[in-house]
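The values are calculated or read from the model by the stated rules, or taken from the named source; none is laboratory data. Computed from a prediction, not measured in an experiment: that's the story for all the values here. Reconstructed Cβ throughout: ideal geometry from the backbone, glycine too, with neighbour counts over all protein chains shown.
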4 protein chains.
Amino acid sequence: MTASKNPRPRIKSRVGRPPSNDLINAPADQDRRGVILDAAIRRFAETGFDGTSMRDIAASTGILTGSLYYHFKSKEELFCAVHEESIRVISANVVAAIDPGANPWTRLEQAASAYLQNLADHSAFVSIVIGETHRRRPAPLGERLIQHRDSFEKHFTEIVESLPLVTDVDRNIWRLALLGMLAWTYVWFDPNARIPADEMGRRLVAMLREKTSA
Amino acid sequence: MTASKNPRPRIKSRVGRPPSNDLINAPADQDRRGVILDAAIRRFAETGFDGTSMRDIAASTGILTGSLYYHFKSKEELFCAVHEESIRVISANVVAAIDPGANPWTRLEQAASAYLQNLADHSAFVSIVIGETHRRRPAPLGERLIQHRDSFEKHFTEIVESLPLVTDVDRNIWRLALLGMLAWTYVWFDPNARIPADEMGRRLVAMLREKTSA
Amino acid sequence: MTASKNPRPRIKSRVGRPPSNDLINAPADQDRRGVILDAAIRRFAETGFDGTSMRDIAASTGILTGSLYYHFKSKEELFCAVHEESIRVISANVVAAIDPGANPWTRLEQAASAYLQNLADHSAFVSIVIGETHRRRPAPLGERLIQHRDSFEKHFTEIVESLPLVTDVDRNIWRLALLGMLAWTYVWFDPNARIPADEMGRRLVAMLREKTSA
Amino acid sequence: MTASKNPRPRIKSRVGRPPSNDLINAPADQDRRGVILDAAIRRFAETGFDGTSMRDIAASTGILTGSLYYHFKSKEELFCAVHEESIRVISANVVAAIDPGANPWTRLEQAASAYLQNLADHSAFVSIVIGETHRRRPAPLGERLIQHRDSFEKHFTEIVESLPLVTDVDRNIWRLALLGMLAWTYVWFDPNARIPADEMGRRLVAMLREKTSA
DNA sequence: CATGAATGAGTCTTCATTCAT
DNA sequence: TATGAATGAAGACTCATTCAT
């Protein structure tokens, strides 16, 4: 049976905020770190790392530029937190969509569908992750971004390992082919158009599963 | 039978000068524009659009910064030319690799292999094209980049149209799936490692053609 | 006979707190001020007044930056205390080395030797004093630093006054010449090399006492 | 015979300016590099390296801050040029004051007098050199400053080598003692007061030459 | 007394671009 | 056409200091 209409709740960002009893702290000010992170995610998603200035980010929070540095010691550090948070949200959504009891193909469809669903629900997170994948950042930052990505791809790796594939298929290449198909949807897929994200996810998985040649 | 060992010559950049009416432009002009374009391609590929300054480019040509503006009226204009040239070279390599007389599957394998071969031979061009695909640039520039990309994808579109696919396959999605797989190789494929570019191209095409599920 | 091997104990910093009426200030106050002063001495000595930030100082004590301002109302005030303490320690070492019963030339040798010995034992204090001597600080701070220095030079003034010098020597100039020789050792003298501090002190005094010309 | 009243012309800074035919170039604008260097010397002398901002320097020239960087690639580079120029002027004045035909003691008096005369004529240069001698700057800059100083002290080294001193005197220490006396005059000597620079120079040399003890 | 957070002016530096010569 | 110089806004980041809690 193929995955049903994504019945599980989708994860939203909590940008590292402690539970915060909203009853008492009405103005919801508090927690400037979270406010900054939120703003930074939006700005980085729109204009990228290089195209976004600390001033931009500060301006869209009301905080002064200098104050950002109390919470994040550099622009790179801030971006790294943004990237990690993006990966965290996307990963959580993917994981939440997987029914651990289902068979591997179903689980893969669920994962792929959830991946695409992020485009609709949290395109900022996807922008940040995909947008920076292709620009090699120098060492200290660059390596941390790669670690984040690995922690995400791991979920797919595990499923692909347990897939019943024909014996001469290289599972690494197979997985990377799928991830490429999925990542590229960022360039062309509109989840609000004719085909919804979950169906598109199943279709893409099906392409690698079945014979498409007549 | 799969495609043979890519026997056709690969295209190198002629740095996209317009046909150049040499009668009028006799004086030592010839090269300047080309020299700048060459340097710009290298720098933009290494450090991206935002990470590259006009000074960087000027410095690696011996030309003074101010002089750049005689040949290109802005940094965006220069980048646009660089992007167009990159697309032109990659397209030409793909086209040159296709045997027009071969059957569609073979032609597709030839195109995919040639695409990947660019990673080995002209990674700068690929860096520029892929690296900027995910960053939405504002209107005047952004739209021109999309046009360039379309002019490249066209070659794949034509082949995919003539492919004998099972009837319920959406050829648009099928093509975009393939292009995604290919584009993503930029992130993981090392053409100098175990598997050469042409074989990898055939393998990726095969994944979409055959049944991989056991 | 020249001064013997500096037998008197050398003074260490008690980080210049006022006598501290412990009856009133009972609570764990005792150390804080001293801890800050210690850290500040080290940092100012290493990186100078301008090169040291209040944050640097706070960081090397575990105290938070804001808390420094309870103990010292400004950076200048803190530096002033550091400078005063440095002068106090150096002065105390010089005074302790002088045998009040000895003749003036011996006393001068003892003082000079002790001065140089500070380079070996407490180079931080010397760094602070010498390093700031040549930078004219604006009025309120600047004048206090000069007062500190005067309180130190006084010890030499007294000895020089009682020296049996040839009648046409200007004792002021003579003293300043000696102090210049001594101060400048900060630039070139290594107390851990061939010649120890006490011998170097005697040699420098001897140069002004005897005829060095053949 | 001791040195006469410093008959040789004193060197002024030409801050690296090419001869510049002042007849044609009336507004004497031209040569912004020289203008910047002049202003920088003044500011650095007054407030030191750390206490002077590039804005300060730009403001006192009418040039915009950014423009400074066309002529000097960093603040350190600018300071280094300032320091080198200061050493150059002082050295030239010292050299110009020395009569190569005179005997060593006379030559030393001439050199010392000229050294002190700089305090009256070009105290900015002296401020820069002396003021930075006591602050250890990190490697790239620091080492260059030391080289500059060495190139100055060399003039004294040569004279001291040829001095007829009693045999057991260490000429290195002797020279450093003299240089210390001279450098320290920056702290106390007022060349416009009772004793003029040339006489003070001879007196200080005399102190190391003759027996001052009764 | 101590803290965490914020402030806002200030730091050096880089940039795309322009323009007289 | 090419150049050298200048521009001025913008970049990331630091700092001494303050203040409510």
Hey, D:S151 closer than 24 Å to C:T185 by Cβ, hydroxyl-bearing (S, T, Y) and more than 13 Å from every other protein chain (Cβ to nearest Cβ) or not
yes
For segment B:113-169 the number of residues that are under 13 Å from B:I87 (Cα atoms) and in contact with a Ser or Thr (Cβ under 6 Å, 6 or more places away or on another chain) is 4
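So that you can scan it fast, the table gives a plain yes or no per residue for (1) within 16 Å of DNA strand F (Cβ to nearest atom); (2) within 14 Å of chain C (Cβ to nearest Cβ):
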position: D:T65; (1), (2): yes, no
position: D:Y69; (1), (2): yes, no
position: D:K73; (1), (2): yes, no
position: D:A120; (1), (2): no, no
position: D:I130; (1), (2): no, yes
position: D:R144; (1), (2): no, no
Considering residues that are within 10 Å of DNA strand E (Cβ to nearest atom) and under 25 Å from B:L64 (Cβ atoms), the number found within segment D:34-74 is 12
When segment B:121-178 is checked residue by residue, the ones that are part of a helix (DSSP H, G or I) and touching a Pro at 6+ places or on another chain (Cβ under 7 Å) are B:I159
Note on segment A:155-214: residues more than 16 Å from B:W184 (Cα to Cα), at the interface with chain B (Cβ under 10 Å from one of its Cβ atoms) and touching a Lys or Arg at 6+ places or on another chain (Cβ under 9 Å) are A:L163, A:L165, A:V166, A:D170, A:I195, A:R209, A:E210, A:K211, A:T212, A:S213
Taking segment C:181-214 and keeping residues farther than 23 Å from D:D168 by Cα and touching a Phe, Trp or Tyr at 6+ places or on another chain (Cβ under 8 Å) leaves C:A183
The number of residues in segment A:138-154 that are of a type in the set (G, A, S) and either in contact with a helix residue (DSSP H, G or I) (Cβ under 7 Å, 6 or more places away or on another chain) or at pLDDT 95 or above (or both) is 1
request  = For A:V126, state whether it is crowded, with 18+ Cβ neighbours inside 10 Å and more than 8 Å from chain B (Cβ to nearest Cβ).
outcome  = yes
Taking segment C:28-56 and keeping only residues that are of a type in the set (A, V, I, L, M, F, W, C), more than 8 Å from DNA strand F (Cβ to nearest atom) and more than 14 Å from chain D (Cβ to nearest Cβ), one is left with C:A28, C:V35, C:I36, C:L37, C:A39, C:A40, C:I41
message: Being in contact with a Leu (Cβ under 8 Å, 6 or more places away or on another chain), more than 27 Å from D:L165 (Cβ to Cβ) and away from DNA strand F (no atom under 13 Å from the Cβ) is the requirement here; does D:V82 meet it?
response: yes
Inside segment D:60-79, the number of residues satisfying the requirement of being over 15 Å from D:G34 (Cα atoms) and either surrounded by 14 or more Cβ atoms within 10 Å (Cβ to Cβ) or among the small types (G, A, S) (or both) is 4
